[in-house]
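The values are calculated or read from the model by the stated rules, or taken from the named source; none is laboratory data. What you see is a predicted model; the values in this text were computed from it and never measured. Note that we place each Cβ from the backbone using ideal geometry, even for glycine, and neighbour counts take in every protein chain shown. These area figures cover heavy atoms from the full protein model, side chains too; ligands, DNA and RNA do not enter into them. Shrake-Rupley method; radii C 1.70, N 1.55, O 1.52, S 1.80 Å.
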Amino acid sequence: MIEIKNKKGGWILWSTSLFFILLIIGCSQAPEAPVLDRYQFEKPSHFPEPTYTFRNNQVHEKGFKLGRRLFNDPTLSRDGSVSCSSCHLQSHAFADTWLHPMSIGVDGREGKRNAPPLLNLAFHKEFFWDGGVTHLDFTPILAFENEVEMDIEFPEVVARIQRHPEYPRLFKEAFDVDEVTGPFVLHALSQFMLLMVSADSKYDRYIKGDSKALTSLELDGLKLFRQHCESCHQEPLFTDLSYRNNGAQRTITDFGREIVTERMQDRGKFKVPSLRNIEVTSPYMHNARFETLRQVLDHYTDGVTEQVTIDPKVFANGKPVIVLSSDEKEKIIAFLKTLTDPGFLSNPIFFNTND
Amino acid sequence: MPCKNQLSKMKKFKSLQYIISALLLSVSLWSCQESENPDLNETGEMIVKFDNYVGNRPLVLDPTGSTNYRYTLPNGQEFNITRFGYYISHIKLEGPNGEVFVDPMLASAAEIKGYYRVDQSDPSTFEIRLKDIPAGQYNKISFNLGVKEDGIVEGAVAGILDRAAGGWFWNWNSGFIHYMFEGHSPASERVQGELRNRIRLHLGGWKNISPTDGTPQRFFDNNVTISLPFDATVRVNKTMRPSPHIHMDALQVIGQANFAIDNNIHTPLEGRPFAQRLSDAFVVDHTHQ
């Protein structure tokens, strides 16, 4: 036996034969046609590797559906009036509507930031505009406990779920637990949010080889986008996940990233947002300053001013860096609209149903 | 000797080969075990006891809102304590003859291992029972004060790290409060809701990021490794369960702080000076064999 081990050739023989044996066994038992599981997380082929810890929380139908129910349940807010879906609406790529530039929580309390869309979060490393939350699982804790959102302590959320007539049974079925605890509530909500993958827009079809997916106007827009915007809104996520000041605040009152990193160099910086489905997520910027994409582009070319931490890619030598004609702006906007993913915005798996 | 050789060569082979060779060699390895001292498999327990003090007086909690000030800082400021505790993890024991025991760690949604919290409001948490320690002599303990990266990057986990079960978790800047000190002092004018004269020192922070471009550091890792020699070498075996008593002195952590100013610590940077004093606050006072 030891002889074989010491000879590499012997090993190759061993392992290859074993490999083929396994292969034959595997093949003979494989189903005739692959069964598509709508509730499984699948990385789009042109996306980077996800960052989410799937090893601890694999998405499955029961967990996803439980997460969906929690996401839509207003009884998990202090006064029973607000659910996650009050501020994160599917038709707006899970952003808030233009009716609520600043999100509205319990008692009609106004928040200080615009609710971002929820999509492709499995690929992000940090969450919220300032990136203070370092894992998707932890995001609901902040949403529940924030007094301008749901204003309820997380232990109370879990206690309400535990007392609920149906939830404990659903947790048992999804996670095989006899008692509802915090981590499984968070895993269920993560499962729901992890399947919010938007990767089937006209742009994606173009990238995946359908050269006719974009019109020549939209292609001109893509070219201009790559020239002026790509350095921050990096494809295919349309964010490089960094924190920057693009001059969205006239005077910096929200310190953004500095609140988390505690260094002045990060003052007024915010996570570069994804531009996917941007057509339906107005108003724009963390402070909801702009209602239209044209206003955003006018901001980049004419509105940006000197500020301590202004990004040198948008302002340098005393003037805005990005120069675009009116025509070019329209081309970029035409391109940005190819990032709309109708299949995502109307995917029935996200609908608020209990089945 | 040949057994040892085989082991080291095994490392060079990759997964499948490794597994198969493990199977093939199990017979020959088995022969190695025969010659081993059966005592090597003997294990025992140790109970590590934490006693909290303020200077030389035992640390006692007062109800929130209390104006009974039991303690005094070196600068004369009076204070009391209404909530107190700390997380401990990564416990390791070492002995004079190369004995080593590393307390196993696990962080998952169903279960955690190796994370402890000494919570002054719950005396059952003052004793940490370590199990499956290889029999032998031990004269040193080390542990991490706080919850390191490994307790955070896995996402939502169970037990004392579950926010819903009272885990001391920062929701806005993910991470745990390693060391929690709350009370009142007439020197503090800080108001927290209905509560007056508030002191809250929440020490947390689990990562250092030092930019290469020379700009100031982002984030501060306030986890602290604490290594303490025992006052005497103790023996662990089937029948002997020694118990080192560790004293923690909160005054050492407060240091020269002034409660008129330093009364509301809630970020890694603010907590830094306190965290740097943590290792001086712990000492093994005595050991029961």
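Here are some conditions: (1) over 17 Å from B:Gly175 (Cα atoms); (2) within 14 Å of another protein chain (Cβ to nearest Cβ); (3) hydrophobic (A, V, I, L, M, F, W, C). B:Leu93 meets all but one. Which one does it not meet?
Only one criterion is unmet by B:Leu93, namely (2).
Among the residues of the range B:257-278, write down those that are open to solvent by 50 Å² or more (accessible area, probe 1.4 Å) and under 17 Å from B:Tyr53 (Cα atoms).
Once the filter is applied, which keeps residues that are open to solvent by 50 Å² or more (accessible area, probe 1.4 Å) and under 17 Å from B:Tyr53 (Cα atoms), the range B:257-278 yields only B:Arg277.
Are there helices (runs of 4 or more DSSP H) fully within the range B:234-289 with at least 1 residues that are assigned by TED's automatic domain parsing to the domain that holds B:Val224 and under 15 Å from the mean Cα position of the chain (by Cα)? List them.
B:268-276, B:278-281
Only one residue in A:Phe184, A:Phe128 is at positive phi and either more than 13 Å from every other protein chain (Cβ to nearest Cβ) or open to solvent by 10 Å² or more (accessible area, probe 1.4 Å) (or both), so which one is that?
Checking each option against the conditions leaves just A:Phe128.
The conditions are (1) crowded, with 16+ Cβ neighbours inside 10 Å; (2) over 30 Å from A:Asp341 (Cβ atoms), and A:Leu237 fails exactly one of them. Which is it?
So A:Leu237 meets the others, but not (2).
For the range B:141-158, give me the residue count where each residue is more than 9 Å from every other protein chain (Cβ to nearest Cβ) and either open to solvent by less than 10 Å² (accessible area, probe 1.4 Å) or over 14 Å from the mean Cα position of the chain (by Cα) (or both).
Within the range B:141-158, residues that are more than 9 Å from every other protein chain (Cβ to nearest Cβ) and either open to solvent by less than 10 Å² (accessible area, probe 1.4 Å) or over 14 Å from the mean Cα position of the chain (by Cα) (or both) number 7.
Could you say which residue among B:Arg198, B:Arg163, B:Arg241 is open to solvent by less than 40 Å² (accessible area, probe 1.4 Å), basic (Lys, Arg) and away from chain A (no Cβ under 14 Å)?
Just a single option satisfies the conditions, and that option is B:Arg198.
From the list B:Ser124, B:Ser89, exactly one residue is surrounded by fewer than 17 Cβ atoms within 10 Å (Cβ to Cβ) and hydroxyl-bearing (Ser, Thr, Tyr). Which is it? Spell out the reasoning first.
Values: B:Ser89 fails: surrounded by fewer than 17 Cβ atoms within 10 Å (Cβ to Cβ).
Criteria check complete, one pass: B:Ser124.
The rows are residues; the columns are (1) under 17 Å from B:Leu161 (Cβ atoms); (2) within 9 Å of chain B (Cβ to nearest Cβ); (3) open to solvent by 20 Å² or more (accessible area, probe 1.4 Å).
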| residue | (1), (2), (3) |
| --- | --- |
| A:Phe144 | no, yes, no |
| A:Val148 | no, no, yes |
| A:Ile152 | no, no, no |
| A:Pro155 | yes, yes, yes |
| A:Ala159 | no, yes, yes |
| A:Arg163 | no, no, yes |
| A:Arg169 | no, no, yes |
| A:Ala174 | no, no, no |
| A:Glu179 | yes, no, yes |
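Considering the range A:259-283 alone, what residues qualify as being crowded, with 20+ Cβ neighbours inside 10 Å and without any contact (Cβ under 8 Å) to a residue 40 or more places away in the chain?
A:Thr261, A:Glu262
I need the full set of residues from the range A:67-99 which are of a type in the set (Asp, Glu) and over 19 Å from A:Arg163 (Cβ atoms), in order please.
A:Asp96
Looking at this structure, is A:Phe225 in a helix (DSSP H, G or I), away from chain B (no Cβ under 13 Å) and surrounded by 15 or more Cβ atoms within 10 Å (Cβ to Cβ)?
In short, yes.
On the basis of being away from every other protein chain (no Cβ under 13 Å) and among the aliphatic types (A, V, I, L, M), does A:Ala95 make the cut?
For A:Ala95, the condition - away from every other protein chain (no Cβ under 13 Å) and among the aliphatic types (A, V, I, L, M) - is met.
Write out, first by first residue and then by second, each pair whose Cβ atoms fall under 7 Å of each other, whose residues are 6+ apart or on separate chains, and whose first residue, in the range A:156-171, is of a type in the set (D, E, K, R) while the second is open to solvent by less than 50 Å² (accessible area, probe 1.4 Å).
That search, which allows pairs on different chains as well, returns A:Arg160/A:Leu76.
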